[in-house]
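Throughout, read-outs are computed from the coordinates displayed, never taken from laboratory work. Just so we're clear, the structure is a prediction, and the values are computed from it rather than from any experiment. Note: ideal-geometry Cβ built from the backbone for every residue, glycine included; neighbour counts use all protein chains shown.
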């Protein structure tokens, strides 16, 4: 089975919480790692997501140890949506 891993970065403007953590993570840019496997038998290449991981702490934090936290995609998307909404509320209060 063919697998691939892609990495990208996502930025949170505000501290955020994920269900698998006890304490909030700081605002910052985090590396997002996505594992996918090729779906066999199709006439075109298509991949199925098999894992989503967030590397903690944030990219700019100098620390000796980094961890990969497996995160459900829906939970991560919800945290990103809350972060965006917090930014909109902050802008509205300044106007």
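A compact table of results
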read-out	value
Computed [θ] at 222 nm, deg cm²/dmol, the chain (DSSP H ≥ 4; -39,500 (n - 2.57); rounded to nearest 500)	-8000 deg cm²/dmol
Mean separation of Cα contacts under 8 Å (6+ apart) over length of region 3-94, as relative contact order %	25 percent
0 to 90° range, to nearest 10: angle between helix 73-94 axis and the chain longest Cα axis	30 degrees
Candidates 65, 52, 29, ranked by Gaussian network fluctuation over the chain, Cα under 10 Å, top entry	65
Interatomic Cα distance distribution for the chain, bins of 10 angstrom, percent	14, 40, 27, 15, 4, 0
Computed FRET value (nearest 0.05) for residue 9 with residue 40, which takes r as the C-beta separation and R₀ as 35 Å	0.70
